[in-house]
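Below is one structure, written out as structure tokens; the observations come after it.
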Amino acid sequence: MKILVINAGSSSLKYQLVDTDLDKMLAKGLCERVGSKDSYIKHGADKDERIFAQYMADHEEALKVVFDALIHSERSTITSIDEIDAIGHRIVHGGNYFDSSALITDEVLQKIESLCTLAPLHNPPALKCIQVCQDLAPGLPQVAVFDTSFFQTLPPSAYMYPLPYELCEKHQIRKYGAHGTSHRYIANRCAALMDQPLEDLKIITCHLGNGCSISAIDHGIAVDTSMGFTPLDGLMMGTRCGAIDPAIIPFLEEAEGLTPAQINEIMNKKSGLLGVSGISNDMRDVRKGAEAGEERAVLAYEMYAHSIRKYLGQYMIEMAGVDAIVLTAGVGENCDRMRRLAFAGLQPLGIILDQEKNSRSHHGKERFISHDDSPVKIIVIPTNEEMMIAQDTYEIVSKL
Ligand code: ADP
């Protein structure tokens, strides 16, 4: 089955055409700065990518450009839209409505729309893309794959906040989590690599990119995750602060005369690695700074590792143990020094990193980096959310 996977961001649109029979990506690309004069599309496959400047006023135009690139460009992989069997959309917020992926119907669309207040930057462009696809390819089945659905299994003791119950109910305040498709993908791959059923394993999955989250997956069921009501919670990230004492917010608002929007901007865009180091949100730059002895870069680097260790410890206790710790995304996959710091001295807990395997170059491959004698396995698995979305779409559409 040829499945087009669409991931609409607030000003971007990522896509992949996947052949699920061959388990292969046929083409992929990215429309950037949608809505601005310098928008462009990057289209291709593997290392053969081309960038075209192309004005795209909105997501509707971006999608038309995507279909055009797939069908008519030098690097076209299909000759007509009819060759696509189904479309899978990444939807950031499924609220409490969706505990799994869903075939898109009018009712599903209404529910996604009602959640726009919880994901104002992401659900509206995704909705737009679904509608445009309905217009461009009427009758083509479309599937919604939600970032939040994987965490609908969390028990209330993990997803509720200790605020007045009525307020939480009124405003749908609870932990929803994020990056669910990535955590689900790497947990499944972990079980496959360990050659054991997912249902037999206790896994901690770490998605460490610009955004960072860690999840506890107990016998195949997500029981906790570090992101909360919004993706601001949890770990220290590139520009996001993660969990802080909530009293700091009203304190700063008053002390600095800040509006809620300004403090939100500070916590989302000016904190994390960037805020502490004063250098960059990019781990590579911070690491360089730390190696050069810059005090704040060293601090940022050590705080980041401390933040990871806190969640590892918490989730080991929550699951009463762990069989495997999986790392993915830019930092998780590539930063051997951060991994060394995060796992330092954990031998008494059965977590033993193999220094040689950890520092070996890998070229984006799945690999064990724990010592052969380590009771807890440590595994690096490049995430592939698009493949997970394509697989869910296949599962749903093939049953129609
Ligand atoms: P996003 O959440 O935007 O998808 P990525 O998964 O691409 O983010 O991760 C981006 C982060 O990964 C950046 O902080 C970047 O510095 C870091 N990163 C990428 N490659 C390396 C590397 N070789 N060493 C250290 N950090 C890296």
Once the convex hull of the alpha carbons of the stretch 23-170 is built, what does its volume come to per residue, in cubic angstrom? 149 Å³
Mind checking which aspartates and glutamates have their Cα closer than 19 Å to the Cα of LYS170? Skip sequence neighbours fewer than 8 apart in that chain. GLU113
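Using a 1.4 angstrom probe on heavy atoms only, work out the carbon and sulfur share of the accessible area of the stretch 1-75 in %. Let's see the in-between values first.
Numbers: 1640 of 3720 Å².
In the stretch 1-75, the share of accessible area belonging to carbon and sulfur is 44 percent.
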Once Lys and Arg are counted +1 and Asp and Glu -1 for all other residues with Cβ under 11 Å from that of GLY350, the total becomes -1
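I need to check one value: relative contact order of the chain, counting alpha carbon pairs closer than 8 Å and at least 6 residues apart, in percent.
On the way: 801 pairs, mean separation 53.4, N = 400.
Dividing the mean separation by the residue count of the chain yields 13 percent.
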Given backbone amide H placed at 1.01 Å from N, residues whose amide H is under 5 Å from that of ASP224, ignoring those fewer than 5 places away on the same chain, are ALA216
Please report, in Å, the Rg and the Dmax of the stretch 79-137, where both are computed over Cα atoms only. 12.2, 40
Spatial separation of Cα centroids for the stretch 323-400 and the stretch 63-79, in angstrom: 34 Å
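Counting heavy atoms of the protein chains only and a 1.4 Å probe, report the per residue accessible area for the chain as a whole number of Å². Working shown, then result.
On the way: 18740 Å² over 400 residues.
Computed with neighbouring chains in place, this is 47 Å² per residue.
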Sorted by chain and then number, the residues having a modelled amide H within less than 5 Å of the amide H of ILE104, at least 5 places away or on another chain, are GLN142, VAL143, ALA144
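Can you check what the net charge comes to around PRO231, using other residues whose Cβ is under 12 Å from the Cβ of PRO231 (Lys, Arg +1; Asp, Glu -1)? The partial results should precede the final answer.
Values: positive: LYS175, ARG240; negative: ASP147, ASP233.
Charge balance near PRO231 sits at 0.
Can you tell me how the stretch 155-252 classifies by the Cα gyration tensor, rounded, prolate or oblate, using a/c under 1.5 as the rounded cut? Spell out each step's value before the answer.
Values: a/c = 3.10, a/b = 1.66, b/c = 1.87.
Oblate.
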To the nearest Å, what is the center-to-center distance of the stretch 285-312 and the stretch 183-249, using C-alpha atoms only? 20 Å
Residues meeting the amide H criterion for HIS219 (H placed from the backbone, H to H distance under 5 Å, 5 or more places apart or on another chain) are LEU201, LYS202, ILE203
In nanometres, what is the gap between the two model label sites at GLU199 and HIS72, each 7 Å from Cα along Cα-to-Cβ? 5.1 nm
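Would you work out the relative contact order for the stretch 264-400, in percent, from Cα pairs under 8 angstrom that are 6 or more residues apart? Kindly include the intermediate steps, with their values, before the conclusion.
Values: 155 pairs, mean separation 23.8, N = 137.
RCO, the stretch 264-400: 17 percent.
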Round to a whole number: what % of the accessible area of the stretch 253-302 belongs to carbon and sulfur, probe 1.4 Å? 46 percent
Over the residues of the stretch 272-400, compute the C-alpha Rg and express it relative to 2.2 N^0.38 Å. 1.23
Karplus-derived 3J(HN,Hα), 6.51/-1.76/1.60, for each residue of the stretch 200-211, Hz, glycine and proline x: 9, 10, 10, 10, 10, 9, 10, 9, 10, x, 5, x
Nearest 10 degrees, 0 to 90: helix 260-269 Cα axis against the chain principal axis: 80 degrees
So what's the angle, to the nearest 10 degrees on a 0 to 90 scale, between helix 180-194 and the longest Cα principal axis of the chain? 70 degrees
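Can you compute the helix-only [θ] at 222 nm over the chain? Use -39500 (n - 2.57) per DSSP H run of at least 4 residues, normalise by all residues, nearest 500 deg cm²/dmol. Write out the running numbers ahead of the final one.
Working: 15 runs with 151 residues, N = 400.
Theoretical 222 nm ellipticity from helices: -11000 deg cm²/dmol.
Which links in LYS2/LYS399; LYS202/LYS365; LYS202/LYS310; LYS310/LYS357; LYS2/LYS365 stretch past 20 Å when you go from one Cα to the other? Provide the component values of the computation, followed by the final result.
Values: LYS2/LYS399 15 Å; LYS202/LYS365 23 Å; LYS202/LYS310 17 Å; LYS310/LYS357 24 Å; LYS2/LYS365 25 Å.
Checking Cα-Cα distances, LYS202/LYS365; LYS310/LYS357; LYS2/LYS365 exceed 20 Å.
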What is the P(r) of the stretch 249-337, as percent of Cα-Cα pairs per 5 Å bin from 0? 3, 12, 17, 17, 16, 15, 12, 6, 2, 0
Can you tell me what percent of all Cα-Cα pairs in the stretch 355-395 are more than 16 Å apart? 51 percent
For helix 123-136, report the angle its Cα long axis makes with the longest principal axis of the Cα atoms of the chain; keep it between 0 and 90° and round to the nearest 10°. 20 degrees
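Using only Cα atoms, figure out Rg for the stretch 109-197 and give it as a multiple of 2.2 N^0.38 Å.
Details: Rg = 16.9 Å, N = 89, 2.2 N^0.38 = 12.1 Å.
Ratio of Rg to 2.2 N^0.38 Å for the stretch 109-197: 1.40.
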What percentage of all Cα-Cα pairs in the chain are separated by more than 32 Å? 38 percent
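The values are calculated or read from the model by the stated rules, or taken from the named source; none is laboratory data. From a predicted model like this one, the values you see are computed outputs, not experimental measurements. As a convention, Cβ positions derive from the backbone with ideal geometry for all residues, glycine included, and neighbour counts pool all protein chains shown. Calculation scope for accessible area: heavy atoms of the full protein, side chains included, ligands and nucleic acids excluded. Shrake-Rupley method; radii C 1.70, N 1.55, O 1.52, S 1.80 Å.
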